[in-house]
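Student: Pasting a structure here, questions to come.
The values are calculated or read from the model by the stated rules, or taken from the named source; none is laboratory data. Predicted model, so just to flag it, every value in this text is computed and none were measured. Neighbour counts are summed over all protein chains in view; Cβ atoms, including those assigned to glycine, are modelled from backbone coordinates with ideal geometry.
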């Protein structure tokens, strides 16, 4: 986000990153938003057409809304249209294509020194992992992401660092009963 630059293009990029990361939206869900889909007072974002055409309301924290605010102010000076729109030229105010948004975010990631290939969907995965680390129940994460299947949500959480898994298992309490209880095999009566 620090390498997004100044001006309208930077504000739009930071706003998009905030929505992808802090609300966990897919790129097309974010690009389909309009200003009326945001409710800062409630901390919610309305996804009108999620995957499979499903509608859902998700949460976004105050920090995410703060990062989006400069873009919202700039957006007021442009023609009515989607929240994340084209800034320059004769198509100003119209929908920003997902391919163009991905390319803009990849350029910024390269500028920031990200050496791996970057995809906006990684921000959605980061959102899920952060929620899990904060102790948010799996079914709430599932609803936030708009997954029908809990198995898909658990795949998102496979990105948890192996050191975290080792530390969690290593710090378990010892068993409350002796380890030998229940381990003896019953004698056969033959």
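Student: For the range 17-28, check the following and say yes or no: at least one residue is over 15 Å from the mean Cα position of the chain (by Cα) and within 27 Å of residue 141 (Cα to Cα).
Tutor: Looking for residues that are over 15 Å from the mean Cα position of the chain (by Cα) and within 27 Å of residue 141 (Cα to Cα), one finds none in the range 17-28, hence no.
Student: Of the conditions (1) free of Cβ contacts under 8 Å to residues at least 24 places away in the same chain; (2) exposed (fewer than 14 other Cβ atoms within 10 Å of the Cβ); (3) more than 17 Å from the chain's Cα centre (by Cα), residue 49 clears all except one; give me its number.
Tutor: All conditions are met except number (3).
Student: Something else about it: From the list 132, 126, exactly one residue is without any contact (Cβ under 8 Å) to a residue 60 or more places away in the chain, in contact with a helix residue (DSSP H, G or I) (Cβ under 7 Å, 6 or more places away or on another chain) and under 21 Å from residue 157 (Cα atoms). Which is it?
Tutor: The unique qualifying residue is 132.
Student: Tell me, yes or no, whether the range 67-80 has at least one residue that is in contact (Cβ under 8 Å) with a residue 60 or more places away in the chain, over 20 Å from the mean Cα position of the chain (by Cα), under 22 Å from residue 6 (Cα atoms) and outside any helix (DSSP H, G or I).
Tutor: no
Student: Does the range 86-105 contain at least one residue that is touching a strand residue (DSSP E or B) at 6+ places or on another chain (Cβ under 7 Å), closer than 22 Å to residue 31 by Cβ, assigned to a loop (DSSP other than H, G, I, E, B) and at pLDDT 90 or above?
Tutor: So far as the range 86-105 goes, yes, one or more of its residues are touching a strand residue (DSSP E or B) at 6+ places or on another chain (Cβ under 7 Å), closer than 22 Å to residue 31 by Cβ, assigned to a loop (DSSP other than H, G, I, E, B) and at pLDDT 90 or above.
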